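The values are calculated or read from the model by the stated rules, or taken from the named source; none is laboratory data. Here the structure is a predicted model, which is why all the values come from computation and not from measurement. Counting neighbours? That spans all protein chains shown, and the Cβs are built from the backbone with ideal geometry, glycine included.
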Amino acid sequence: MTTKLDINKNNRIRHPEKVNKPDTLVLRKPSWIRVKAPTSQGYSKTRDIVKSSGLVTVCEEAACPNIGECWEKSHATFMILGEVCTRACAFCNVSTGLPNKIDEEEPYKIAEAVKKMGLQHVVITSVDRDDLADGGAGHFVKVISAIREVSTKTTVEILTPDFLRKKGAIDTVIDAKPDVFNHNLETVPRLYLKIRPGARYYHSL
């Protein structure tokens, strides 16, 4: 028997692995692992910039518990290419389904937000976009270029999807010369089919 724990408030499609969980006793979290609700002025300023620009952050979409601490210091990880992923990784809180059309203004919105926040370093990640011919590689390049046009001293770190079966996509992003290029393996090979369906360990490696 399963119990439905999560109904997305925006009625976005969610993968069954993320909606249906076994009936288990939920243990109370220890005091040291709890975080206070964010209330600082720095947090509010960052939130206002993100919201007014219509941007998506992995801080919110992945329900990161450190959002209060990071946003207070004007640190945020922007998530591009929408807020709906074509994959259904078991560890991730991002919605799964059919993504919307790419926002062509997004690179400029992010660049302006980076400038307003006065970021010396910015991190850009994305959902998986298996529906796109290049997996979204070209959009990564546009974001990197837009940031560098308005904030020349800001270093750009990217955390990309695996671009599985997207020939030339990785080279496209590398040619944009991000300051830091990241890609997560997430788990060990034997757990990939269960934890990261749709991905291939040795391709990511």
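The criterion of being farther than 22 Å from A176 by Cα and either in contact with a His (Cβ under 8 Å, 6 or more places away or on another chain) or buried (at least 21 other Cβ atoms within 10 Å of the Cβ) (or both) does not hold for A76.
Checked across the range 96-113, the condition of being polar (S, T, N, Q) and touching a Phe, Trp or Tyr at 6+ places or on another chain (Cβ under 9 Å) holds for no residue. A Cβ distance below 7 Å, combined with a sequence gap of six or more or placement on separate chains, defines the contacts here; from the range 37-64, residues that are of a type in the set (S, T, Y) reach residues that are in a loop (DSSP other than H, G, I, E, B) and crowded, with 19+ Cβ neighbours inside 10 Å in the pairs T46/A76; T57/A76. For the condition surrounded by fewer than 16 Cβ atoms within 10 Å (Cβ to Cβ) and in a loop (DSSP other than H, G, I, E, B), P197 qualifies. Do we find that I170 is farther than 24 Å from S74 by Cβ and hydrophobic (A, V, I, L, M, F, W, C) in this structure? For I170, the condition - farther than 24 Å from S74 by Cβ and hydrophobic (A, V, I, L, M, F, W, C) - is met. Looking across the range 86-105, the residues that are hydrophobic (A, V, I, L, M, F, W, C) and either at pLDDT below 90 or crowded, with 19+ Cβ neighbours inside 10 Å (or both) come down to A88, C89, A90, F91, C92, V94. Residues that are surrounded by 15 or more Cβ atoms within 10 Å (Cβ to Cβ), modelled with pLDDT of 85 or more and out of contact with any strand residue (DSSP E or B) (no Cβ under 8 Å at 6 or more places or on another chain) within the range 44-66 comprise K45, T46, R47, I49, S53, E60, listed in sequence order.
Taken over the range 104-157, residues that are touching a residue at least 40 places away in the same chain (Cβ under 8 Å), within 28 Å of A199 (Cβ to Cβ) and among the acidic types (D, E) amount to 4. Residue count for the range 16-43, restricted to those that are at pLDDT 80 or above and surrounded by 10 or more Cβ atoms within 10 Å (Cβ to Cβ): 3. Being closer than 21 Å to A62 by Cα, surrounded by fewer than 19 Cβ atoms within 10 Å (Cβ to Cβ) and touching a residue at least 60 places away in the same chain (Cβ under 8 Å) is a condition met by no residue of the range 171-183. Report yes if V122 is of a type in the set (A, V, I, L, M, F, W, C) and buried (at least 22 other Cβ atoms within 10 Å of the Cβ), otherwise no. Spelling it out, V122 is indeed of a type in the set (A, V, I, L, M, F, W, C) and buried (at least 22 other Cβ atoms within 10 Å of the Cβ). Within the range 149-166, being under 13 Å from L132 (Cβ atoms) and out of contact with any Ser or Thr (no Cβ under 8 Å at 6 or more places or on another chain) holds for F163, L164, R165, K166.
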